[in-house]
Amino acid sequence: MALFALTPPGRRAVRRLALLFDSRVEGAAEPNARGYARFIAPVFRRLYERVTADVASELAGRGDNVGGSASGDDREAGGGRALAILDVGCGPGDLAAMLSERLPEARIAGVDLSPSMVELAKRKATGGGRLSFEVGDVASLPFETGSIDLVVSTLSLHHWPDAGAGFSEIARVLRPGGIALVYDLRLVTLEADALPDVARQAGLPTSRLRHERLRGGPLASLFVRFRLDRAADEPAADVSPAARGAGHARIPAAVTPGEVA
């Protein structure tokens, strides 16, 4: 049986079973977000800790202040803005809260399609809009073009109806030099050979969207990470049709990420 699982038909069978299990978990959780937050989200705490460390490491490696404060030069160029981080598919807000603790000066917003999840997440929100949450769709993000330094997402990608549309919107909201780190369960998410098609559907060069295996033991091996980089010298993209149709094409720079003017 174990050998069969290593064959292409076996991998497909295991993937179908994993997707079926995931749909049952999500179906049971959606009517009662409290149940998800209490019994399911804590299972992934170690993943959230890993992601938080990865985000801090990425920012430090790019020369950003991991405390979230802008440098003097950046304050002059950006009006004193702090780093803007977006959590897509934030659920009850556990990861966003961890990021807020690790990066105390960053502005962090979380979006989720489920109003009940967002209501739970809002209990973790902080004053002044430094940590905020709202209902939102990855295919129509309520943020201005080029307004986010880093996008992160966990366990959400395999629920996106159109992965190309999701990555297109993420690329739109990223600032030049920005990065997106999208984590998902290996058995249920996109396979590596599907990425070139997804990138083309998103209107991105295939080299911009990468599939990365996580290292760090048996737990890490259950997940994969998709990385999307926006070049530092890349011009701002036009607002996507999805965002324009949703009425969120323009959010004034003075508005905190996560707030709609």
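Using DSSP to call loops (not H, G, I, E or B), can you name the trypsin sites (Lys or Arg not before Pro) in the range 187-224 whose Cβ has at most 16 other Cβ atoms within 10 angstrom? Numbers along the way, then the final one.
On the way: sites: 200, 208, 210, 213, 215; in loops: 215.
Counting only loop positions with at most 16 other Cβ atoms within 10 Å, the trypsin sites (Lys or Arg not before Pro) in the range 187-224 are 215.
Nearest 5 percent is fine: what portion of the DSSP beta bridges confined to the range 43-246 is antiparallel?
On the way: 13 of 33 bridges.
Restricted to the range 43-246, the bridges split so that about 40 percent are antiparallel.
Identify the GluC sites (Glu not before Pro) of the range 77-143 meeting these criteria: DSSP loop state and at most 16 other C-beta atoms within 10 Å of the C-beta. If you can, show how the numbers build up before the last one.
Values: sites: 101, 105, 119, 134; in loops: 105.
Counting only loop positions with at most 16 other Cβ atoms within 10 Å, the GluC sites (Glu not before Pro) in the range 77-143 are 105.
Could you rank the peptides 45-55, 174-184 by their average count of other C-beta atoms within 10 Å per residue, with the highest value first? Display every interim value, and only then the final one.
Numbers: 45-55: 17.2, 174-184: 21.0.
Taking the mean over residues of other Cβ atoms within 10 Å, the ranking is 174-184, 45-55.
Is the shape of the range 91-206 best called rounded, prolate or oblate, per the rule: a/c under 1.5 gives rounded, else a/b larger than b/c gives prolate, else oblate, with a ≥ b ≥ c the square roots of the Cα gyration tensor eigenvalues? Display every interim value, and only then the final one.
Numbers: a/c = 1.95, a/b = 1.53, b/c = 1.28.
Cα axes put the range 91-206 in the prolate bin.
One-quarter of the Cα convex hull surface for the range 43-246, in nm²? Don't skip to the end; give the middle numbers.
Numbers: hull surface 44.6 nm².
Taking the Cα atoms of the range 43-246, their convex hull projects to 11.2 nm² on average.
All of the numbers you see were taken from the coordinates with simple rules; none came from a lab. What you see is a predicted model, and the numbers here were worked out from it, not measured in a lab. Reconstructed Cβ throughout: ideal geometry from the backbone, glycine too, with neighbour counts over all protein chains shown.
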